[in-house]
Amino acid sequence: MTQRQIKVLFIPVSSPEGIGEYMRSIILADAIRAEWPEADINFVLNRHAPYAASCPYPALLLNASPTKCEAQVNTLIREYCPTLVIFDASGRQSQLAQAKAVGAKVIFISQHQSKRRRGMKIGRARHTDRHWVVQPEFVIGQPSWLSQVKLKWLGLTAPQCIGPVFSNPQSETQTDLLAKHSLAQHEFVLLNAGSGGHKVEDDLAADRFADVARTIAAKGCQAVLVLGPNYPKELPQIPGVLCLGKVDNQDFIALLDACKYAVISGGDTLLQAIALLVPTLTVPVSKDQPKRIAACAKLQLIKDCPCEVNSMIAACKVLDNQAEITRLKQNMAAIPTLNGLNTAMADIRQLLEVAKND
């Protein structure tokens, strides 16, 4: 019997504001391509997301996030007949059901409690082969006892906390990148407010981070400000600050790993920084971040403060101290490794092997 080609469809939440789900999908797609070079990989994206037009994989572009385009996504699934579909914080029950109807293996990814509850609903869980939670349990906590019992009694997929998904920094890439930008390892501060599209009150969070970068540079320390692909303005020109727009994940992780400390938002980068033992000042820029930040601060893994310029500048003064940096690194080293990429790829291998034999 001729073995059918591996066909993988990524359906992440996509919008003009956030970017975490899309970046996670790109990381997974790259890892799949590296292991199965002949795999056919496609995306479904919101055309209004700034990164949609530059997606390195073929993509169906919709007028809204895929969850809101139920019929179009179902039609694509029927016509494409994927081997594997990965819904990252997206998808309606009918879309998961359609994927199973064409014989695909289905993975659902959740990143906070409301999405996890959604993925644990019986109607969705019966169409799901894996449910990854890309948070450590100390952040998200356990699901309710009753919901766990229901899934176990019915023999359905239970959520598994795998932690953040990211590619570890490559030493050669890091060396070349630092040389390209004339940066010395552990002698610069990295600042990033996420995708660049988040607003705090009437300000772009990225603009507040730029003000903090300006102050850091004025005190004689090199600052690197990554504004993100959703930042709607021209890159600012700030003395002593290297301002970058869109940075691919591998380069961003290399910068994060090499910095003295980072000033970041409470999205996926927070957990990536902890996994890399990078001291951080973390501030919330969206409504789903304060709880995650508070859980990490409670364990003394990070410094945190509101997304206010003066508060951030004051917190940086505390963080810019070797004793504080050492303390945070010791606390981060004491928790289990967080990178879930290996777990994710092990699951994907298993599912594709099962699909091959179906």
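The set of residues in region 141-157 that are in contact (Cβ under 8 Å) with a residue 12 or more places away in the chain and out of contact with any His (no Cβ under 7 Å at 6 or more places or on another chain) comprises G141, P143, S147, K150, L151, L154, L156.
Restricting region 116-145 to residues that are part of a loop (DSSP other than H, G, I, E, B), over 21 Å from D40 (Cα atoms) and charged (D, E, K, R), the residue that is most open to solvent (accessible area, probe 1.4 Å) is R126. Checking each residue in region 305-315 for being open to solvent by 10 Å² or more (accessible area, probe 1.4 Å) and either over 26 Å from A206 (Cα atoms) or part of a helix (DSSP H, G or I) (or both) picks out V309, N310, S311, I313, A314, A315. Every residue in region 146-159 that is surrounded by 12 or more Cβ atoms within 10 Å (Cβ to Cβ) and either of a type outside the set (A, V, I, L, M) or in a helix (DSSP H, G or I) (or both), please. S147, Q148, K150, L151, T157, P159, listed by residue number.
Restricting attention to region 269-304, the residues that are more than 17 Å from L190 (Cβ to Cβ), in a helix (DSSP H, G or I) and not basic (K, R) total 6.
Scanning region 335-345 for residues that are closer than 11 Å to I32 by Cα and open to solvent by 50 Å² or more (accessible area, probe 1.4 Å) yields a count of 0. Listed by position, the helices (runs of 4 or more DSSP H) contained in region 160-268 that have at least 2 residues being open to solvent by 70 Å² or more (accessible area, probe 1.4 Å) and not small (G, A, S) are 171-180.
The values are calculated or read from the model by the stated rules, or taken from the named source; none is laboratory data. Just so you know, these numbers come straight off a predicted model, no measurement behind them. Cβ sites come from the backbone with ideal geometry, for glycine too, and all protein chains shown count toward neighbours. The accessibility values were calculated without ligands, DNA or RNA, using every heavy atom of the protein model including side chains. Shrake-Rupley method; radii C 1.70, N 1.55, O 1.52, S 1.80 Å.
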